[in-house]
């Protein structure tokens, strides 16, 4: 048995995740009323209204309109660098020992990896306008990895899913019957796009629903022997079906390109990938599978050797304004954790959300558990075997 960072973390994560749904978010927003983060909160420290903030975020997340708005409202010059994967972010910070950037944008389940490697610093919670963050996101993120050893390292920024994207005419799907197994249907041979490691989890959920997985999927995140036993069963099915794959993706551009130019008609992608294709008026739908959409939360953390931490806090507080949160969601299709952002969403984003999560889809979200370093190593080992097969 592999000892976890916190032996109760997995149970707490599931309890927190079960309570963290869109309906809870909207109730939290309504309860907060018209509370907004404005003026003094953005610039809580006087010396923050100058200088530069170096932002390291996901490719396609932070648009020029957001950067201009932040600078106009704070006087701080933002400098953006982008990455494509969590591993790329982690490896970059490892290479510099937590230097080079003032704020980063990791997923909550990977935060303990940064803490263990001493790459991030605890947040000074008194400098953050938490009234601008949905309470359910703040409390739920704690057991998902945002709080380690009693200290908070992550300010929740957004949440989204990885589920089934599909061509409406060539590979139509219907909620309630659509599942991860549909990816591997014979008629889709050569036209499927998936990401290496997360597609293995999708297969795992499919096998678990049919009683074909050696151990409950969640247990593999806590026990190395069970992880290997499950991955052995998952990998066998993945390799048997690999001929169906037209393209693997590892970042946003690749996932979109699979549908846009490379002939794929179905895939397991992020919600943001499908929204981008929808904006181009391509006939691509997105729906939660019956086993549950893979759900994640991201947020802002401050690297251990950040040179401009006060400016980083100003960025967080600016993000916790309704206008900034909505600007982010409308651009990416990802759900903001900012209070009041939903009131400013575009009609397209509202319609997309309703179509993606009908019925009981929000109650069935499958939240990523904390992925400790030993698990990520095993996960990557099996991913590499899948890609090389």
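The values are calculated or read from the model by the stated rules, or taken from the named source; none is laboratory data. Predicted model only: the values in this text are computed from it and were never measured. All Cβ positions, even for glycine, are placed from backbone atoms using ideal geometry, and neighbour counts span all protein chains on display.
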Within segment 89-111, considering residues that are over 20 Å from residue 337 (Cβ atoms) and crowded, with 16+ Cβ neighbours inside 10 Å, the one farthest from the chain's Cα centre (by Cα): 100
Contacts under 6 angstrom Cβ, first residue in segment 207-222 being under 23 Å from residue 182 (Cβ atoms), partner part of a loop (DSSP other than H, G, I, E, B), 6 or more apart: 207/213; 209/291
Set 237, 275: member being within 30 Å of residue 373 (Cβ to Cβ), outside the structural domain of residue 331 (by TED's automatic domain parsing), touching a residue at least 24 places away in the same chain (Cβ under 8 Å) and part of a helix (DSSP H, G or I): 237
Among the candidates 115, 108, residue that is more than 21 Å from residue 250 (Cβ to Cβ) and touching a residue at least 12 places away in the same chain (Cβ under 8 Å): 115
Residue in segment 370-385 that is in contact (Cβ under 8 Å) with a residue 12 or more places away in the chain and buried (at least 23 other Cβ atoms within 10 Å of the Cβ) present: yes
Residue within segment 368-384 that is assigned to a loop (DSSP other than H, G, I, E, B) and closer than 22 Å to residue 166 by Cβ present: no
Residue 173 vs. criteria in contact (Cβ under 8 Å) with a residue 60 or more places away in the chain and either assigned by TED's automatic domain parsing to the domain that holds residue 220 or in contact with a helix residue (DSSP H, G or I) (Cβ under 8 Å, 6 or more places away or on another chain) (or both): yes
Qualifying residue in segment 198-208 (condition: within 27 Å of residue 261 (Cβ to Cβ), in a helix (DSSP H, G or I), modelled with pLDDT of 95 or more and more than 24 Å from the chain's Cα centre (by Cα)): no
Residue in segment 294-303 that is touching a strand residue (DSSP E or B) at 6+ places or on another chain (Cβ under 9 Å) and in a loop (DSSP other than H, G, I, E, B) present: no
